[in-house]
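One structure below.
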Amino acid sequence: MLGFLTARQTGLDDPLRLRRVESTRRVLSLKLNPDRDVDRIHGNGINTIDIEAVEGRYMLSGGADGVIVIYDLENFGGKPQYTCKAVCTVGRSSRHVHKFSVETVQWYPYDTGMFVSSSFDKTMKVWDTETLKWLFYVSLAQMRFAVGTKNPKIQLCDLKSGSRIHVLQGHRGEVLSVRWSPRYEHILASASADSKVKVWDVRRASGSLFTLDQHNGDKSKASSEAVNTAHNGRVNGLCFTSDGLYLLTAGTDDRMRLWNSASGENTLVNYGKVCNESRKRLQFTVSRGCSPEFVFVPCGSSVAVYALHTGELITMLRGHYNNVDCCEFHPDYQELYSGGKDCNILAWVPVLRAADVEEEESNRENKVRTSPVRLLQMCNISGRFLHFVQSQRR
C-alpha cells in the first residue's frame, strides 16, 4: 500500500489505480462486523433493502410484515461499536402502511426526500420521507417508473400525474423483476416466470429490442420449447453492472448468467450452481470501483461472492440464521448489507487481517531503510518528466 501511495504522490501511477486496488482489497476482506448492529424492527422476513445514492447515509428496508424502515448508517459517536438506528418507521399502526408483504423499496435517485414501495397488496406507493405519508401527486417533471406484476404486462407510470403512460407486452408469465439501465435512461430489462428476459427501449411503441437467448442462437442446443429463453426456469433476479455494459440474471434453475447488454449475447461465464429456491424476486448486487468486479448473491442462509468475469467463487459470507433474500452494496465504503428471513440486517465490513498488518509494518520498515535512495530515483524520474513537459511547452 505504501508503494502505491508513493507512486501516486510522485506522479508515477494513475490515481485511479490506487483507488481500485484499495477497493478490491476491502471487498476481499469483508467480514461480519461484531461491532456494527442494525436495529431489529421487522417482525417478519426482510425482502428488500436500498441505500440512497445522494449521501450514502440512509437505508430503506421492506419486510414481509408490511413494515418499511429508514435507517441512519452514520456513526456519530466515533466509536468502533455502534448501532445503525431506525430513524423512521411506517409500522402497522400507520394508516398508510401496506396491507401485505413489501416486495420492493427504492429511493428516488436524485433526492432523499422521496422513495417508492410496492407490495403484494397490489399497490405501489410514492412516499414523502419527511412526513412518511403516501403522495398522490408529485410536482416533478420527467419522472417515470416501471412496474412488473402478476399480469404479464409491464406498466410504465408517470410520477407527476400518477397515471399509466405505457404498457409493454411480450411476456407470457408474471414479471418478477424489472431494472433500468444505468447507462441509458430509456433502456429497461425485465425478467419473467416464462423463463425469458427481455430488453426494451421505452421510446418505441413496438415490442422489445431483443429477448436473451442462453444458447446464443444455436438451435441445435435448444429444444423447440426453449427457444430464446434465458434460463430453464423462472427468472427472478436482474442486475446491471454499474457501467451498464453487462446484465446479470438469476433463475430457479440454479444458474446465474452474464450478458452483453448491448448485443444480448451470453458471455458463457460459468458460475457453477447458484442455489436459488426463491419463488419471488431475488435481490443481488455488484461491486463498484474494484478490479475485478464482484457479484454478491443470496445463496441459502449465506451470501456467495463471485468474480464477475471469471465466475470464480471467492467466498461465502455466513452469519444469517435463515435464508437471505436481499443484499445491497455500499460503494462509498465497500460495505455490504444483507437481509433475510431471520428478520436481521447484517453489516459486512472490510477487516484488516493480521497478515495485512504484518505486511504494512514490514513495508513501513523497508521504506525507512530504503526511502532515501528510492525517493531520489523517483524524484529524478519525475524531474526529467517535468523538464520534458516544460521543453515541449517552449
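The values are calculated or read from the model by the stated rules, or taken from the named source; none is laboratory data. Predicted model, so just to flag it, every value in this text is computed and none were measured. With ideal geometry, Cβ positions are generated from the backbone for all residues, glycine too; neighbour counts draw on all protein chains shown.
The residues listed here are D213, D253, D243; of these, the one that is assigned by TED's automatic domain parsing to the domain that holds Y337, outside any strand (DSSP E or B) and free of Cβ contacts under 8 Å to residues at least 24 places away in the same chain is D253. With the requirement that a residue be of a type in the set (D, E, K, R) and either touching a helix residue (DSSP H, G or I) at 6+ places or on another chain (Cβ under 9 Å) or crowded, with 17+ Cβ neighbours inside 10 Å (or both), what does the range 39-97 give you? If the condition is that a residue be of a type in the set (D, E, K, R) and either touching a helix residue (DSSP H, G or I) at 6+ places or on another chain (Cβ under 9 Å) or crowded, with 17+ Cβ neighbours inside 10 Å (or both), then D50, E52, D65 are the ones that fit. If you go through the range 105-125 and keep only what is at pLDDT 85 or above and in a strand (DSSP E or B), you end up with V105, Q106, W107, M114, F115, V116, S117, S118, S119, K125. Restricting the search to the range 1-38, which residues are at pLDDT 75 or above, outside any helix (DSSP H, G or I) and either under 19 Å from E328 (Cβ atoms) or in contact with a helix residue (DSSP H, G or I) (Cβ under 9 Å, 6 or more places away or on another chain) (or both)? Scanning the range 1-38 gives S29, L30, K31, L32, N33, R36, D37, V38.
Quick one: which residue in V199, V167 is in contact with a strand residue (DSSP E or B) (Cβ under 8 Å, 6 or more places away or on another chain), more than 21 Å from V105 (Cβ to Cβ), at pLDDT below 90 and outside any loop (DSSP other than H, G, I, E, B)?
None of the other options fit; the residue is V167.
Does S242 count as within 16 Å of the chain's Cα centre (by Cα), of a type in the set (S, T, Y) and either surrounded by fewer than 18 Cβ atoms within 10 Å (Cβ to Cβ) or at pLDDT below 95 (or both)? So S242 passes the test.
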